[in-house]
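Enquirer: Dropping a structure here in structure tokens format, bear with me for questions.
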């Protein structure tokens with residue numbers, strides 16, 4: 001890790017110069033003798049107090065925008081003029097640092113887009129500069145160069161400065177180190193240049209949007225949705241908050257979550273719910289809430305078998321469905337005008353407005369008994385079958401008037417109304433009885 005010298009160490013040479021026991025009086029007109037140890041002690045106390053007053057409080061920044069410790073061994077990415085190099089002589093720690101000889105400069109463009117409170121940190125020292133020759137540290141706001149420091153300090157010092165507000169969110173920001181020495185044997189050394197800032201911008205898109213609106217995906221008690229994926233290159237990960245805004249029965253907010261999708265379950269069938277989504281980044285920059293997006297849960301098919309037609313149709317409409325085709329049929333078990341069957345299974349989920357077809361009972365089917373007297377037994381049986389009846393008990397008897405093999409009588413008699421599939425008994429002639 002690169003190290004820096006304390007402010008007390010920065011003034012160590014000044015202490016040594018005072019150690020000869022000569023101190024200037026408060027009026028600056030006379031000198032008094034004092035023991036060198038006492039001199040150093042008093043100066044140390046003064047300098048320590050000065051450090052406590054002048055050193056800034058520790059700060060925490062969201063992130064590093066850019067940095068260069070010159071360990072690549074070159075000044076790639078820098079624009080330079082004069083003798084500006086990466087040198088092992090210029091390193092404060094590790095291997096390489098930046099070096100400016102004589103009159104030279106090096107500058108670097110660093111976009112501060114989406115950052116505020118821009119800080120510039122660096123280690124620096126000069127070597128062999130004459131009076132009036134300096135290292136200048138400046139930043140560019142897109143129009144003007146602004147001075148951070150002018151120094152001839154020969155000691156390694158770690159510096160940090162906060163740029164003015166026009167450095168914030170600035171795509172034209174630059175940092176520059178410049179020397180105006182007359183000789184190439186006069187140097188400025190740099191190391192560990194860092195630009196930091198505070199991310200104050202929420203993820204995009206802002207406001208947030210939904211990529212897929214609330215949709216029922218299975219069953220009738222849920223709605224699924226997904227947000228447009230948020231982007232925040234500075235402070236990821238992005239989190240999402242889905243909120244149901246109508247207070248609909250059974251609805252729940254998602255809470256902050258890294259997943260951009262949400263499934264809200266336990267909802268009522270055929271009910272409309274409205275959701276919004278909001279995003280925030282890892283440092284808490286929260287975007288604007290989206291507009292509301294509505295979705296309706298699927299309808300639950302009611303069981304209407306055995307209900308009267310009127311009651312069945314009312315239940316279907318109440319469930320958010322529509323009555324489809326209504327047909328009729330006879331039933332031996334379902335009462336007249338009650339529902340025999342429905343085409344959609346009760347308890348299944350379907351889109352609202354789906355049609356439900358019904359079959360309504362006509363009650364037990366009644367048929368008219370045909371006249372089979374005088375027909376052969378075979379023809380009589382065929383005739384009864386065609387009338388949705390069946391041949392019952394067949395008996396025989398002699399007849400003086402009905403030819404052999406023909407039906408003498410039937411029961412029930414012709415034109416009687418009976419339930420379908422009723423049996424009809426017939427009596428078949430044996431012809432004239434011979435004695």
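The values are calculated or read from the model by the stated rules, or taken from the named source; none is laboratory data. Please read all numbers here as calculations on a predicted model, not as lab measurements. Neighbour counts run over all protein chains shown; Cβ positions are idealised from the backbone, glycine included.
Enquirer: Restricting to the range 113-130, and then to whatever is part of a loop (DSSP other than H, G, I, E, B) and modelled with pLDDT of 95 or more, can you tell me which residue is surrounded by the most Cβ atoms within 10 Å (Cβ to Cβ)? Reasoning before the result, please.
Expert: Within the range 113-130, the subset part of a loop (DSSP other than H, G, I, E, B) is 113-114, 128-130.
In the following step, the residues that additionally are modelled with pLDDT of 95 or more were identified as 128-130.
Details: 128: 11, 129: 21, 130: 10.
Within the range 113-130, the match that is surrounded by the most Cβ atoms within 10 Å (Cβ to Cβ) is 129.
Yes/no matrix, rows are residues, columns are (1) at pLDDT below 95; (2) farther than 30 Å from residue 236 by Cα; (3) surrounded by 22 or more Cβ atoms within 10 Å (Cβ to Cβ):
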site: 93; (1), (2), (3): yes, yes, no
site: 97; (1), (2), (3): no, yes, yes
site: 143; (1), (2), (3): no, yes, no
site: 157; (1), (2), (3): no, yes, no
site: 162; (1), (2), (3): no, no, no
site: 172; (1), (2), (3): no, no, no
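Enquirer: Sticking with this structure for a sec: Return the only residue of 161, 189 being in contact with a helix residue (DSSP H, G or I) (Cβ under 7 Å, 6 or more places away or on another chain), part of a strand (DSSP E or B), assigned by TED's automatic domain parsing to the domain that holds residue 101 and in contact (Cβ under 8 Å) with a residue 24 or more places away in the chain. Write out each step before concluding.
Expert: Details: 161 fails: in contact with a helix residue (DSSP H, G or I) (Cβ under 7 Å, 6 or more places away or on another chain).
Among 161, 189, only 189 is in contact with a helix residue (DSSP H, G or I) (Cβ under 7 Å, 6 or more places away or on another chain), part of a strand (DSSP E or B), assigned by TED's automatic domain parsing to the domain that holds residue 101 and in contact (Cβ under 8 Å) with a residue 24 or more places away in the chain.
Enquirer: Additional query: So residue 288 fits all but one of (1) surrounded by 14 or more Cβ atoms within 10 Å (Cβ to Cβ); (2) touching a strand residue (DSSP E or B) at 6+ places or on another chain (Cβ under 8 Å); what number is the exception?
Expert: Single failed check for residue 288: (1).
Enquirer: Please go through (1) within 19 Å of residue 305 (Cα to Cα); (2) in a loop (DSSP other than H, G, I, E, B) for residue 373 and return the number of the only condition it doesn't satisfy.
Expert: Of (1) within 19 Å of residue 305 (Cα to Cα); (2) in a loop (DSSP other than H, G, I, E, B), only one is false for residue 373: (1).
Enquirer: Then there is this: Being buried (at least 16 other Cβ atoms within 10 Å of the Cβ) and in contact (Cβ under 8 Å) with a residue 40 or more places away in the chain is the filter; apply it to the range 345-366 and report the residue that is farthest from the chain's Cα centre (by Cα). Break it down stepwise before answering.
Expert: Narrowing the range 345-366 to residues buried (at least 16 other Cβ atoms within 10 Å of the Cβ): 349-350, 352, 354, 356, 358-361.
Next, only the ones that are in contact (Cβ under 8 Å) with a residue 40 or more places away in the chain stay: 349-350, 352, 354, 356, 358, 360.
Details: 349: 27, 350: 28, 352: 28, 354: 32, 356: 38, 358: 44, 360: 50 Å.
Checked the range 345-366; the qualifying residue farthest from the chain's Cα centre (by Cα) is 360.
Enquirer: Same structure again: Out of 150, 215, report the one residue that is within 30 Å of residue 300 (Cα to Cα), surrounded by fewer than 18 Cβ atoms within 10 Å (Cβ to Cβ) and either over 35 Å from the mean Cα position of the chain (by Cα) or assigned by TED's automatic domain parsing to the domain that holds residue 292 (or both). Working first, answer last.
Expert: On the way: 150 fails: within 30 Å of residue 300 (Cα to Cα).
Checking each option against the conditions leaves just 215.
Enquirer: Tell me the residue from 237, 207 that is under 30 Å from residue 64 (Cβ atoms), touching a residue at least 60 places away in the same chain (Cβ under 8 Å) and assigned to a loop (DSSP other than H, G, I, E, B), please.
Expert: Details: 237 fails: touching a residue at least 60 places away in the same chain (Cβ under 8 Å).
Result: 207 is the single residue among 237, 207 that is under 30 Å from residue 64 (Cβ atoms), touching a residue at least 60 places away in the same chain (Cβ under 8 Å) and assigned to a loop (DSSP other than H, G, I, E, B).
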